Amino acid sequence: MDSSEILPTEEVFFNPFSTDVVVNNCLLVVTILLSTVGVIGNTLVIGSVFAYKPLRRLGNAFIVNLAVADLFVSAFINYFGIIGVLTHGEYFHKKPFLCELIGIVCITSCSCSLWSVAAISLNRYVAICHRLYYPRIFNRYTMMAIIPLMWTICFCIDMPNLFGWGAHSFDARVMLCTYDYMKSYSYTIFFIITGFLIPLVAVIFSYTTIFRYARAIKKDVERISKQDGQPKGIKDSDRRLLRSIMIIMVVFFTMWSPYSVVVFFDYQGQWPRALYVFTVVLAHLNSCVNSILYAATNKMFRKGYAQFLKVTLCMICYQLGSKSLDHDNFSSSTGSSTVSARVLKRGHAAQNTVRQ
């Protein structure tokens, strides 16, 4: 047979980790849980800020922005992560554009999540330590520029992957379309610095400065209180704020540090797959745990969650009640029409009888 008559064989997709049943099943269950909790939790955060008036403060715009970024991770990235595990990546084999899009959203939203945490910390730093400058730095007009600028910066962090310095691909280890950390080690370092270390430095600087400031004013307040003979001190709300700040900082560092360490040192991809799965899951866990932290450490958000759920349930009940009422009205009108038709029919029959 002439070699020119031989048809080209179709490239067969193969994932070397498709037979790793235990890790794949664990990854599937955890990803479903992260997606479910993340979607519900971040929806509660966004809804509570709009539904509960005391939370409608300018500084909470960064919290809403964080919830939006985390919602992208929970609803979009984790959704395709579930598909990746179920199909072992074969679903993305002939969909390079979709995998590219998922990679862009993954890096941009994860970066924006971390940058939003940094923005929240800097916002609190200015509000507590430099209150006189706060209205100048954070107002309605500057916030309209800061938040879009933040998303633009985070997209620019991923942009090198679109122009050859790095790449997006399906990572068979974690069954997810993301950036190829082995394509360019220099880009991996760039991503760690811009996506993780810069926000981390901002968080550490802000919260350590707030802590020092709180200790300093505590001494001054106690001294003034003794002179006035009144038991004054740091407000309980300030103490709760500092506690929340410390917890968020520790969680932020704990969730993202393992992944950064793994991709920084294992640039040849020789470490165990289970370690990669664990670090990626831990990083994505940060996108659903923030809403839980707000509820656990902030009384205002607990009230906001309750208010949002109350409004949502009332709207659902109203819609169901409206449909039921419309159905009853339709049934009543149909019944009335039937009765009227019967009366008219009997009337015509009576007239015919009289005529006869």
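The values are calculated or read from the model by the stated rules, or taken from the named source; none is laboratory data. This structure is a prediction, so every number in the text was calculated from the model and none was measured. Counting neighbours? That spans all protein chains shown, and the Cβs are built from the backbone with ideal geometry, glycine included.
Residues checked against (1) farther than 17 Å from SER291 by Cβ; (2) out of contact with any Cys (no Cβ under 9 Å at 6 or more places or on another chain); (3) part of a helix (DSSP H, G or I):
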residue	(1), (2), (3)
PHE14	yes, yes, no
PHE17	yes, yes, no
VAL23	yes, yes, yes
CYS26	yes, yes, yes
LEU33	no, no, yes
VAL37	no, no, yes
ILE234 meets each of (1) among the hydrophobic types (A, V, I, L, M, F, W, C); (2) over 30 Å from SER186 (Cβ atoms); (3) modelled with pLDDT of 80 or more; (4) not in a helix (DSSP H, G or I) with one exception, condition (3)
Over the stretch 164-186, the set of residues within 15 Å of THR108 (Cβ to Cβ) and either part of a loop (DSSP other than H, G, I, E, B) or touching a Pro at 6+ places or on another chain (Cβ under 8 Å) (or both) is GLY166
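For the stretch 240-267: of the residues being among the β-branched types (Val, Ile, Thr) and over 18 Å from ILE204 (Cα atoms), which is surrounded by the most Cβ atoms within 10 Å (Cβ to Cβ)?
Within the stretch 240-267, the first condition is being among the β-branched types (Val, Ile, Thr), and the residues that meet it are 245, 247-248, 250-251, 254, 261-263.
Okay, now just the ones that are also over 18 Å from ILE204 (Cα atoms), so 261-263.
Working: VAL261: 12, VAL262: 18, VAL263: 22.
This residue is VAL263.
Pick out the one residue from THR31, THR87 that is out of contact with any strand residue (DSSP E or B) (no Cβ under 7 Å at 6 or more places or on another chain), of a type in the set (S, T, N, Q) and surrounded by fewer than 23 Cβ atoms within 10 Å (Cβ to Cβ). Lay out the reasoning, then the answer.
Working: THR31 fails: surrounded by fewer than 23 Cβ atoms within 10 Å (Cβ to Cβ).
One residue alone meets the criteria, THR87.
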Note on the stretch 246-277: residues closer than 15 Å to ILE193 by Cα and β-branched (Val, Ile, Thr) are VAL261, VAL262, VAL263
Go through the residues of the stretch 115-136 one by one and say whether even a single one is over 13 Å from the mean Cα position of the chain (by Cα), over 30 Å from ASP20 (Cβ atoms) and assigned to a loop (DSSP other than H, G, I, E, B).
-> yes
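Could you look through the stretch 268-283, keep only residues that are surrounded by fewer than 15 Cβ atoms within 10 Å (Cβ to Cβ) and touching a residue at least 60 places away in the same chain (Cβ under 8 Å), and pick out the one that is farthest from SER184 (Cα to Cα)?
Kept after step one, since they are surrounded by fewer than 15 Cβ atoms within 10 Å (Cβ to Cβ), are these residues of the stretch 268-283: 268-272, 274-275.
Pick out the ones that are also touching a residue at least 60 places away in the same chain (Cβ under 8 Å) and you get 268-269, 274.
Numbers: GLN268: 10, GLY269: 12, ALA274: 23 Å.
Filtering first and then ranking leaves ALA274.
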I'd like to know if the stretch 20-27 contains one or more residues that are of a type outside the set (A, V, I, L, M, F, W, C), over 11 Å from the mean Cα position of the chain (by Cα), more than 30 Å from PRO135 (Cβ to Cβ) and exposed (fewer than 15 other Cβ atoms within 10 Å of the Cβ).
yes
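Can you tell which of SER116, SER121 is modelled with pLDDT under 90, surrounded by 20 or more Cβ atoms within 10 Å (Cβ to Cβ), farther than 30 Å from GLU90 by Cβ and among the polar types (S, T, N, Q)?
Details: SER116 fails: modelled with pLDDT under 90.
Just one listed residue meets the conditions, SER121.
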